[in-house]
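Here is the structure we will look at, set down as structure tokens.
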Amino acid sequence: PTIRAGRPGHAIGPYMVGTGYLQVQSGLDLESQNGRSQQRSESFNHVLRYGLDEKFEINSYLNWQKDRTRKPDKEDRAGLSDFQLGFRFNINEKSEGFIPGFGIQTRFKLTNVDNDYKSHDIAPVILFVTNHSLSESISLGTNWGINYSGNSTQPKYTYVAILSFPVHERLSAFVETYGNSQSEVVSVFADTGLAWLATKDIQLDIYGGGGNNHGISDIFISTGISWRVQTMGSRRVVGVH
């Protein structure tokens with residue numbers, strides 16, 4: 001009955017947008033890194049999702065980015081930094097007892113980006129996604145992923161764990177930890193934020209966080225909007241929270 005957005009936070013859920021729904025999730029991110037390296041970044045990203053049925057959707061991700069690096073070397077670059085196409089498949093819809101709702105998302109990083117961000121090869125990004133209902137309103141979600149850069153055969157292993165809970169009738173909050181491991185180098189981060197359901201089809205959000213890993217302090221803030229429309233000729237299906 002209401003929009004299920006992949007924002008705020010880094011985690012995604014195992015559920016689809018609904019048969020015949022087109023959903024757009026857009027965000028503006030500001031990030032600062034200080035320490036052994038010093039960089040300021042701005043990014044404007046979009047996720048587009050379309051539900052083919054209640055179990056399967058196709059989706060894409062685009063990110064325009066501007067980086068200003070001042071340490072160790074001075075460098076400025078900007079342009080389309082990431083373009084991905086893929087799909088999400090729901091395997092188990094409801095969380096019941098010890099069994100969570102779960103699904104799989106697979107996207108492929110394409111090389112159709114600006115030269116400053118281009119990789120050598122098309123590369124997969126695979127996520128196993130779970131959602132466990134701890135009560136009627138509190139849920140625990142996890143993402144477990146394998147991420148290839150397109151420049152190396154060594155993958156990056158990623159994880160996200162998110163606890164979501166209501167604050168008011170239309171206001172919800174979350175706390176989240178996430179990280180990655182590559183070549184035995186581990187990085188850990190955390191963030192928190194709020195989402196406001198403006199209408200049944202529109203959600204606004206804001207969140208921020210960061211981490212301190214390997215001599216680099218990283219902080220960010222993000223704000224965004226998610227909205228959906230039902231395409232002409234599609235049948236209306238009531239979702240399950």
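Among V24, V185, V47, which one shows the biggest mean-square fluctuation in a GNM of the chain, springs joining Cα atoms closer than 10 Å? So, out of V24, V185, V47, the one fluctuating most is V185. In the chain, the sites counted are GluC sites (Glu not before Pro) in DSSP loop states with at most 10 other Cβ atoms within 10 Å, and the longest stretch holding none of them, exclusive of the sites, is 1-135. Extension gain, A173-W144: 0.36 nm per intervening residue step, less the Cα-Cα distance, totals 8.3 nm. Accessible surface area normalised per residue over the chain is 54 Å², counting heavy atoms of protein chains with a 1.4 Å rolling probe.
Taking every lysine pair in the chain that is 8 or more places apart or spans two chains, those with Cα atoms closer than 19 Å amount to 7. Between D73 and S133, the simple label model (points 7 Å from Cα in the Cβ direction) yields a spacing of 5.4 nm. Estimated at 0.36 nm per residue, the fully extended path between H214 and N92 surpasses their Cα-Cα distance by 40.1 nm. Annotation: extensible slack from S26 through W64 equals 12.5 nm (criterion: 0.36 nm per residue apart, minus Cα-Cα distance). Model label sites at A198 and L52, defined 7 Å from Cα along the beta-carbon direction, differ in position by 3.1 nm. Here the spin labels are modelled as points 7 Å beyond Cα on the Cα-Cβ line, and at F165 and V185 they lie 3.6 nm apart. Residue-wise HN-Hα couplings along the range 94-102, as the Karplus relation 6.51 cos²θ - 1.76 cosθ + 1.60 with θ = phi - 60° gives them from phi, are 9, 8, 9, x, 7, 9, x, x, 8 Hz; Gly and Pro carry x. Our coupling estimate for the range 7-15, obtained by passing each phi through the Karplus curve with A = 6.51, B = -1.76, C = 1.60 and θ = phi - 60°, is 10, x, x, 8, 6, 10, x, x, 9 Hz, Gly and Pro reported as x. Look at the dipole of the chain built from charges on Cβ: of Y15, L48, S217, the Cα furthest out on the positive end belongs to L48.
Taking only protein heavy atoms and a 1.4 Å probe, the accessible area of the range 1-140 is 56% carbon and sulfur. Which of these, F165, F98, F56, has the largest mean-square fluctuation under a Gaussian network model of the chain (Cα springs below 10 Å)? Comparing F165, F98, F56 in the GNM, the peak value goes to F98.
Temperature 20 °C, viscosity 1.002 mPa s: under these conditions the Stokes-Einstein estimate for the range 150-218, based on its Kirkwood radius over C-alpha pairs, is 151 µm² per second. Rounded to whole Å, give me the distance from the Cα center of the range 23-56 to that of the range 166-215. The range 23-56 and the range 166-215 have Cα centres spaced 12 Å from each other.
The values are calculated or read from the model by the stated rules, or taken from the named source; none is laboratory data. Fair warning: this is a prediction, and the values are worked out from it, not measured in the lab. Neighbour counts run over all protein chains shown; Cβ positions are idealised from the backbone, glycine included. Note: areas computed on protein heavy atoms with side chains; ligands, DNA, RNA excluded. Shrake-Rupley method; radii C 1.70, N 1.55, O 1.52, S 1.80 Å.
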